[in-house]
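Below is one structure, written out as structure tokens; the observations come after it.
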Amino acid sequence: MALENKKENFSEWYPELLIKSEFVDYSAVSGCMVFRPLAYAVWEKIVSEVDKRLKKTGVKNVYFPLLIPERFLMKEQQHFKGFTPEVAWVTNVGKSKLDENLAIRPTSETLIYDSYSKWIRSWRDLPLRLNQWNNVVRWEFKHPTLLLRSREFLWNEGHTVFSSEKEAAAERDLILGIYNEVQEKYLALPGIIGRKTDKEKFAGAVASYSIEHIMPDTKAIQGPDFHFDGQNFAKAFDITFLDKNEKKQYVWQNTWAITTRQLGVLVATHSDNKGLVLPPNIAPIQIVIIPIFDNKTKNTVLKEAKKIKTILEKNEFSVELDDRDEYSPGWKFNDWELKGVPLRIEIGPKDIKAKKVVLVRRDTSKKQNSKNKDIVRDVKKVLNNIQNSMLKNAKKFLKDNIHYAKDYKEFKKILKEKGGIISAGWCGNVECEDSIKEETGAKITNIPLNSKAKGNCIYCRKKAKYLANFAKSY
């Protein structure tokens with residue numbers, strides 16, 4: 001089951017790991033994949049944690065159709081232009097051509113806002129804060145990469161409507177805070193929150209914000225995002241309301257999302273040459289018990305292993321007992337390491353006599369003994385340590401791969417030798433943004449919310465307006 005070396009050959013290691021660990025699989029449809037039970041269970045946990053936080057803020061879930069009439073996409077020209085190359089169309093049913101082409105949902109703004117224009121009449125109807133969990137299809141022409149860039153993926157679509165710009169703008173920190181909390185607490189993934197440039201923002205938005213990550217190959221990748229849409233869609237779809245003075249007003253809107261791309265970032269960030277490494281808080285199976293026995297001791301060891309499993313499950317740990325006797329303990333160790341289970345418990349005849357078990361961490365392979373009477377306490381402590389250690393290591397990797405360049409020469413040198421994210425002065429002009437990307441392949445990933453401009457633009461040498469983050473990215 002040996003894998004490619006992660007550091008030496010990340011591009012080969014990553015897909016090989018995903019397939020061999022039975023996380024995802026290729027499908028017969030180019031650019032689309034199968035989420036196997038392990039990956040889908042992780043996604044379900046992300047959905048659960050994000051969803052319950054959204055509901056606490058008053059967001060309600062809905063579902064809109066998969067198919068969108070072409071005329072709706074045409075209503076918002078900027079939005080339509082942004083998605084036209086990626087839209088897949090339904091044009092026929094059997095041998096009959098449809099009266100109107102139907103887009104397979106690349107995103108649902110246009111369909112949802114047609115309904116909003118009917119539902120919203122008065123200030124009493126606002127705010128309207130709805131969300132849906134679904135799939136979308138974007139027919140990417142770039143090289144598909146499992147989980148990171150696929151033609152179909154899963155996500156949530158938050159579509160919220162407010163009576164004032166101030167209310168709409170205030171939602172940004174709330175939503176990004178939820179995404180960031182779930183990423184750090186469960187996925188052990190830190191990120192950089194910032195604003196996208198006008199060139200990189202979502203089609204139809206006034207401003208876009210993202211959480212950016214750095215992959216092991218030092219390329220950047222966009223995580224969850226938030227878009228302040230202003231009144232662009234409101235005017236295109238005539239979403240208006242009568243305010244308290246009986247005056248007609250256009251609404252203010254936001255959209256936001258987290259996608260299954262995060263599964264890819266999770267796997268790539270934490271895993272190693274043995275296989276997956278999953279943080280305990282997100283792992284579908286937190287603990288695997290491996291009994292070590294021969295024909296004489298089998299019944300005794302299995303009885304004790306089942307007892308330990310029951311005790312741990314009563315304390316709300318997710319536990320698997322691998323009692324298959326057609327495989328050796330060593331084979332099982334490798335198999336569960338490949339699948340990323342955070343903690344392994346080994347128990348054999350000698351351990352039973354000593355009234356103890358052996359705990360083995362997946363992230364460090366460190367072993368320790370645990371007395372039976374202390375097993376719940378010890379397991380809880382070890383899992384917490386693993387979770388905290390993984391987040392700490394990920395934060396260090398992120399920090400170590402953020403560099404500063406004072407001029408264009410230094411910028412290109414860092415990009416070539418180190419990669420990662422390069423923080424540098426930018427004048428704010430798209431001409432410089434385009435030139436840098438054309439000449440180096442690095443784009444502005446985002447402009448951190450707390451960054452302060454200093455010095456000059458690295459390209460034109462005019463006074464910098466922003467301290468922007470540049471990187472080669474997925």
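The values are calculated or read from the model by the stated rules, or taken from the named source; none is laboratory data. Model, not experiment: these values are computed from the prediction. Cβ sites come from the backbone with ideal geometry, for glycine too, and all protein chains shown count toward neighbours.
Just for segment 6-24: of the residues that are of a type outside the set (Gly, Ala, Ser) and assigned to a loop (DSSP other than H, G, I, E, B), which one is farthest from the chain's Cα centre (by Cα)?
Glu8
Please specify each residue of segment 359-418 satisfying the condition of being hydroxyl-bearing (Ser, Thr, Tyr) and either buried (at least 17 other Cβ atoms within 10 Å of the Cβ) or under 24 Å from the mean Cα position of the chain (by Cα) (or both).
Ser370, Ser389, Tyr408, listed by residue number.
Which residue, of Thr240, Thr259, Thr255, is within 30 Å of Asp125 (Cβ to Cβ), touching a His at 6+ places or on another chain (Cβ under 7 Å) and modelled with pLDDT of 95 or more?
Only one candidate qualifies: Thr255.
Answer yes if at least one residue in segment 117-124 is touching a strand residue (DSSP E or B) at 6+ places or on another chain (Cβ under 9 Å) and either closer than 26 Å to Arg261 by Cβ or without any contact (Cβ under 8 Å) to a residue 24 or more places away in the chain (or both), and no otherwise.
yes
Look through segment 173-184, keep the residues that are under 27 Å from Ser115 (Cβ atoms) and not hydroxyl-bearing (Ser, Thr, Tyr), and return whichever of them is surrounded by the fewest Cβ atoms within 10 Å (Cβ to Cβ).
In this case the residue turns out to be Leu174.
Can you confirm whether Val34 is free of Cβ contacts under 8 Å to residues at least 24 places away in the same chain, surrounded by 12 or more Cβ atoms within 10 Å (Cβ to Cβ) and not assigned by TED's automatic domain parsing to the domain that holds Gly330?
Considered against the rule, which asks whether it is free of Cβ contacts under 8 Å to residues at least 24 places away in the same chain, surrounded by 12 or more Cβ atoms within 10 Å (Cβ to Cβ) and not assigned by TED's automatic domain parsing to the domain that holds Gly330, Val34 comes out as yes.
Each row is one residue, and each column tells you yes or no for (1) among the acidic types (Asp, Glu); (2) modelled with pLDDT of 95 or more; (3) within 25 Å of Leu266 (Cα to Cα).
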| position | (1), (2), (3) |
| --- | --- |
| Asp325 | yes, no, no |
| Gly330 | no, yes, no |
| Leu343 | no, yes, yes |
| Pro349 | no, yes, no |
| Ile352 | no, yes, no |
| Asp363 | yes, yes, yes |
| Lys371 | no, yes, no |
| Val376 | no, yes, no |
| Asn385 | no, yes, yes |
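If we scan segment 447-462, do we find a residue that is modelled with pLDDT of 95 or more, part of a strand (DSSP E or B), of a type in the set (Val, Ile, Thr) and under 13 Å from Ile214 (Cβ atoms)?
Within segment 447-462 (the criterion being modelled with pLDDT of 95 or more, part of a strand (DSSP E or B), of a type in the set (Val, Ile, Thr) and under 13 Å from Ile214 (Cβ atoms)), the answer is no, since none of the residues qualifies.
Condition check ((1) among the hydrophobic types (A, V, I, L, M, F, W, C); (2) more than 28 Å from Tyr116 (Cα to Cα)) across all residues:
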| site | (1), (2) |
| --- | --- |
| Ala188 | yes, yes |
| Val206 | yes, no |
| Met215 | yes, yes |
| Gln222 | no, yes |
| Gln231 | no, no |
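So which residues in segment 142-172 are among the basic types (Lys, Arg), more than 26 Å from Asp114 (Cβ to Cβ) and under 19 Å from the mean Cα position of the chain (by Cα), if there are any at all?
Arg149
Of the residues Lys412, Lys406, only one is modelled with pLDDT of 95 or more, touching a helix residue (DSSP H, G or I) at 6+ places or on another chain (Cβ under 9 Å) and farther than 30 Å from Glu316 by Cβ; which?
Only one candidate passes the filter, namely Lys412.
Yes or no: Lys418 farther than 22 Å from Asp225 by Cβ and either at pLDDT below 95 or in the same structural domain as Val182 (by TED's automatic domain parsing) (or both)?
For Lys418, the condition - farther than 22 Å from Asp225 by Cβ and either at pLDDT below 95 or in the same structural domain as Val182 (by TED's automatic domain parsing) (or both) - is not met.
Counting only residues that are aliphatic (A, V, I, L, M) and not in a helix (DSSP H, G or I), how many does segment 372-408 have?
The number of residues fulfilling the criteria is 2.
Which numbered condition trips up Glu433, out of (1) under 25 Å from Phe226 (Cβ atoms); (2) without any contact (Cβ under 8 Å) to a residue 12 or more places away in the chain; (3) acidic (Asp, Glu)?
Among (1) under 25 Å from Phe226 (Cβ atoms); (2) without any contact (Cβ under 8 Å) to a residue 12 or more places away in the chain; (3) acidic (Asp, Glu), the lone unmet condition for Glu433 is (2).
Just one of the numbered conditions (1) hydroxyl-bearing (Ser, Thr, Tyr); (2) within 30 Å of Glu200 (Cβ to Cβ); (3) without any contact (Cβ under 8 Å) to a residue 60 or more places away in the chain is not true of Thr297; which one?
For Thr297, the failing item is (2).
Go through segment 6-49 and count every residue that is closer than 18 Å to Asp335 by Cα and aromatic (Phe, Trp, Tyr).
3
If you scan segment 240-256, which residues turn out to be out of contact with any helix residue (DSSP H, G or I) (no Cβ under 9 Å at 6 or more places or on another chain) and either touching a residue at least 24 places away in the same chain (Cβ under 8 Å) or in a loop (DSSP other than H, G, I, E, B) (or both)?
Asn245, Glu246, Lys247
Restricting to segment 188-234, name every residue that is free of Cβ contacts under 8 Å to residues at least 60 places away in the same chain, in a strand (DSSP E or B) and closer than 18 Å to Thr259 by Cβ.
Of everything in segment 188-234, those that are free of Cβ contacts under 8 Å to residues at least 60 places away in the same chain, in a strand (DSSP E or B) and closer than 18 Å to Thr259 by Cβ turn out to be Ser208, Ile211, Gly223, Pro224, Asp225, Phe226, His227.
Given Leu148, Leu187, which one is surrounded by 16 or more Cβ atoms within 10 Å (Cβ to Cβ), in contact with a Lys or Arg (Cβ under 8 Å, 6 or more places away or on another chain) and in the same structural domain as Arg71 (by TED's automatic domain parsing)?
Leu148
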